[in-house]
Amino acid sequence: MRLLLTASLLTPALASATPPVTLDAYLRIMDRNGDGRVSLAEYQAHMSQGFRSMDRNHDGVIEVGEQPPGPRRHGAITLTQYLRNLAATFHRQDANHDGFLDARELAAPPR
Ligand SMILES: [Ca+2]
Ligand SMILES: [Ca+2]
């Protein structure tokens, strides 16, 4: 389980530069206030980094042309919509419905 996770979460560069990074370490990257669990705000802050890097003209909208090519391509998506989608994912992953993701919930396959 841990091996699988390590392989899927790490970029090759990171993997070669550091000792194996555990799921706990991954959680700590998201866990900004250090309480050992990931709140929705922490999840959104971390996951929206990708949005911000795709939003090349920084207008809060990812145009179709800024999206990676692929079958899931859809119309332009705003940051607001994106955060709403992240919230939906967060709540699906929150298996025990306590409003936080622990390491196990973070590692669970998307529902
Ligand atoms: Ca936290
Ligand atoms: Ca939870």
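The values are calculated or read from the model by the stated rules, or taken from the named source; none is laboratory data. Just so you know, these numbers come straight off a predicted model, no measurement behind them. So basically every Cβ, Gly included, is an ideal-geometry build from the backbone, and we count neighbours across all protein chains shown. Protein only, heavy atoms only, side chains kept; ligands, DNA and RNA dropped before computing areas. Shrake-Rupley method; radii C 1.70, N 1.55, O 1.52, S 1.80 Å.
Quick one: count up the residues across segment 88-107 that are within 10 Å of ligand 2 (Cβ to nearest atom), loosely packed, with under 13 Cβ neighbours inside 10 Å and either part of a helix (DSSP H, G or I) or under 13 Å from the mean Cα position of the chain (by Cα) (or both).
The number of residues fulfilling the criteria is 1.
Is at least one residue of segment 67-87 modelled with pLDDT of 90 or more, assigned to a loop (DSSP other than H, G, I, E, B), open to solvent by 40 Å² or more (accessible area, probe 1.4 Å) and basic (Lys, Arg)? Quick ask: steps written out before the conclusion?
Restricting attention to segment 67-87, the residues satisfying the condition of being modelled with pLDDT of 90 or more are 76-87.
So of that shortlist, the ones also assigned to a loop (DSSP other than H, G, I, E, B) come out as 76.
Retained after the next criterion (residues that are open to solvent by 40 Å² or more (accessible area, probe 1.4 Å)): 76.
With the extra rule that they be basic (Lys, Arg), the set shrinks to none.
Checking segment 67-87: not a single residue is modelled with pLDDT of 90 or more, assigned to a loop (DSSP other than H, G, I, E, B), open to solvent by 40 Å² or more (accessible area, probe 1.4 Å) and basic (Lys, Arg).
Report, by residue number, each residue of segment 36-54 that is within 16 Å of ligand 1 (Cβ to nearest atom), part of a helix (DSSP H, G or I) and not polar (S, T, N, Q).
Residues satisfying the conditions are Leu40, Ala41, Glu42, Tyr43, Ala45, His46, Met47.
Just to be sure before I move on: is Asn57 assigned to a helix (DSSP H, G or I) and more than 15 Å from ligand 2 (Cβ to nearest atom) in the structure I sent?
Numbers: assigned to a helix (DSSP H, G or I): no; more than 15 Å from ligand 2 (Cβ to nearest atom): yes.
No: the conditions fail for Asn57.
Hey, could you check segment 57-88 for residues that are small (Gly, Ala, Ser) and out of contact with any helix residue (DSSP H, G or I) (no Cβ under 7 Å at 6 or more places or on another chain) and say which is nearest to Leu101 (Cα to Cα)? Please lay out each step first, then the result.
Step one: filter segment 57-88 for residues small (Gly, Ala, Ser), giving 60, 65, 70, 75-76, 87-88.
If we keep only those that are out of contact with any helix residue (DSSP H, G or I) (no Cβ under 7 Å at 6 or more places or on another chain) as well, we get 65, 70, 88.
Working: Gly65: 33, Gly70: 29, Ala88: 13 Å.
Top of the filtered list is Ala88.
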